[in-house]
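A.B. asks: Structure incoming, see below.
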Amino acid sequence: MSHLTDLPVWAAIPVCLLLLGGSAITLVGSIGLIRLKTFYGRLHAPTLSSSAGTILICLASMIAFAVLQNRWIFHEVLIVLFVILTTPVTLMLLGQSALYRDRIEGSTDVPRKTTGPEPDLSAIDI
Amino acid sequence: MNELFIIWSILVSQILIGLAMACALFRIVRGPRAQDRILGLDALYINAMLLLLTFGIRTANSIYFESALIIALLGFVSSIAFAKFLMRGEVIE
Amino acid sequence: MRYWFPYPLLSLSLLALWLLINQSLSTGHILLGSTLGISWAWIMVNLQPDKTRLHKFRRIAVLTGHVAIDVVRSNLTVMRVILRSGSRPVNSGFVAIDLSLRDDNALALLACILTATPGTAWLEFDRQTGVLTIHVLDLENGARWSELIKRRYEAPLKEIFE
């Protein structure tokens, strides 16, 4: 705690604003997880925290550490790159598997497979 | 004045991220289906990583970044494995 | 030369990643990182990824700028939709788009772009018919979305990769 208070005012203000903005966006994304009604709607909510929230909070910690310890800490760059690269892959796979499960159950609110044979129901032993 | 401001803003942002984690936890508990729970778990991972980052700023200690990086990695791998399991019924084909 | 260093760019970026993780520029770490980078490039040879040639680097810069603007804009839109969802029902739905893009790497990049921008989520792509199904959170009309994606992302990706 003692180190943090050494931060000069010109650096403290952007750090605080970035932190508050990032955490507020994260909270909005997670509220979306509760309030949106369908699964496919909820699929959009975590992208808020993974794109905007992560970038803002990582920027805040980069500024804070660059001013406090007088060296650039690049771990944040790694975290941002990693989260931005991996979240789409997770959500894509999750969306695909949800679509697959809904089709197997014969749900009517998902689009049918465009052409080709129907999904082969006999091979599934779940 | 300055110290008070920055300490309070870090505290407020930690509380906000904590509330976000509670929302994700609600989705995990509530369901209604398996894919909803996995989505909630993924959001919980990302929020936990952000919470660790704010702890890192608060204590000015860079050891928190290592754990944040590890949480990001493990969260990605586990969500992929869960999604794969939902689709095929097994993880490694 | 090409035999010993099959993927020079991949090796260099792995070396950069290694140095970033270790936060040091000492000789030992540079040696270790280059060994790792070169040996991983050989593993990559065995995986046999599709080789694509990139051209038109100006188009790449323009596309990156467009994606950044769209991510910011759609973040704001999705936040507004979520905060208002109590009073106003969310008008979301599926959109089917006919793509003429066939290159695997370009399709992967398009999938990442579409999923990374909040508000659109990639669901499935049929390789035979070329029909892509996406889910849109704030749907006004499907034709506008499909036209937007074709013009803003598919055309530049086609130019860059094919």
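The values are calculated or read from the model by the stated rules, or taken from the named source; none is laboratory data. Just so it is clear, the structure is predicted and the values come from calculations on it, not from any experiment. Here Cβ is always computed from backbone atoms with ideal geometry, including for glycine, and neighbour counts include all displayed protein chains.
A.B. asks: Which residue pairs have Cβ atoms closer than 6 Å, lie 6 or more positions apart in sequence or on different chains, and pair a first residue in the stretch B:1-20 that is facing chain A (nearest Cβ under 8 Å) and touching a residue at least 12 places away in the same chain (Cβ under 8 Å) with a second residue that is surrounded by 14 or more Cβ atoms within 10 Å (Cβ to Cβ) and among the charged types (D, E, K, R)?
C.D. replies: Close Cβ pairs (under 6 Å, with a partner that is surrounded by 14 or more Cβ atoms within 10 Å (Cβ to Cβ) and among the charged types (D, E, K, R)) amount to B:10/B:58.
A.B. asks: Check B:26, B:65 and return the single one that is under 17 Å from the mean Cα position of the chain (by Cα), within 22 Å of residue A:58 (Cβ to Cβ) and at the interface with chain A (Cβ under 7 Å from one of its Cβ atoms).
C.D. replies: On inspection, the qualifying residue turns out to be B:65.
A.B. asks: Inside the stretch C:45-71, can you point out the residues that are modelled with pLDDT under 85, among the aliphatic types (A, V, I, L, M) and loosely packed, with under 14 Cβ neighbours inside 10 Å?
C.D. replies: Within the stretch C:45-71, C:45, C:47, C:54 qualify.
A.B. asks: I'd like to verify a number: residues in the stretch C:72-103 that are within 25 Å of residue A:83 (Cβ to Cβ) and at pLDDT 80 or above, how many?
C.D. replies: The number of residues fulfilling the criteria is 12.
Residue-wise test of (1) facing another protein chain (nearest Cβ under 7 Å); (2) in contact with a helix residue (DSSP H, G or I) (Cβ under 8 Å, 6 or more places away or on another chain); (3) farther than 29 Å from residue B:88 by Cα.
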residue: A:6; (1), (2), (3): no, yes, yes
residue: A:42; (1), (2), (3): yes, yes, no
residue: A:59; (1), (2), (3): no, yes, yes
residue: A:62; (1), (2), (3): no, yes, yes
residue: A:74; (1), (2), (3): yes, yes, yes
residue: A:93; (1), (2), (3): yes, yes, no
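A.B. asks: Right, here's the next one. Looking for whichever is buried (at least 22 other Cβ atoms within 10 Å of the Cβ) and more than 9 Å from chain B (Cβ to nearest Cβ) here; the options are A:26, A:47, A:54, A:38. Which one fits?
C.D. replies: Among A:26, A:47, A:54, A:38, only A:47 is buried (at least 22 other Cβ atoms within 10 Å of the Cβ) and more than 9 Å from chain B (Cβ to nearest Cβ).
A.B. asks: Kindly evaluate residue A:95 against the criterion of being part of a helix (DSSP H, G or I), within 27 Å of residue B:35 (Cβ to Cβ), without any contact (Cβ under 8 Å) to a residue 60 or more places away in the chain and over 12 Å from the mean Cα position of the chain (by Cα). Spell out how you get there, then give the answer.
C.D. replies: Working: part of a helix (DSSP H, G or I): yes; within 27 Å of residue B:35 (Cβ to Cβ): yes; without any contact (Cβ under 8 Å) to a residue 60 or more places away in the chain: yes; over 12 Å from the mean Cα position of the chain (by Cα): yes.
So residue A:95 passes the test.
A.B. asks: Take the residues in the stretch C:88-141 that are of a type in the set (Lys, Arg) and farther than 25 Å from residue A:45 by Cβ, then tell me which one is surrounded by the most Cβ atoms within 10 Å (Cβ to Cβ).
C.D. replies: C:102
A.B. asks: For the stretch C:50-76, name all the residues that are in contact (Cβ under 8 Å) with a residue 24 or more places away in the chain, in a helix (DSSP H, G or I) and of a type in the set (Lys, Arg).
C.D. replies: Selection gives C:59 alone.
A.B. asks: So which residues in the stretch B:34-57 are without any contact (Cβ under 8 Å) to a residue 40 or more places away in the chain, more than 7 Å from chain A (Cβ to nearest Cβ) and closer than 28 Å to residue B:87 by Cα?
C.D. replies: Matches in the stretch B:34-57: B:37, B:44, B:45, B:48, B:49.
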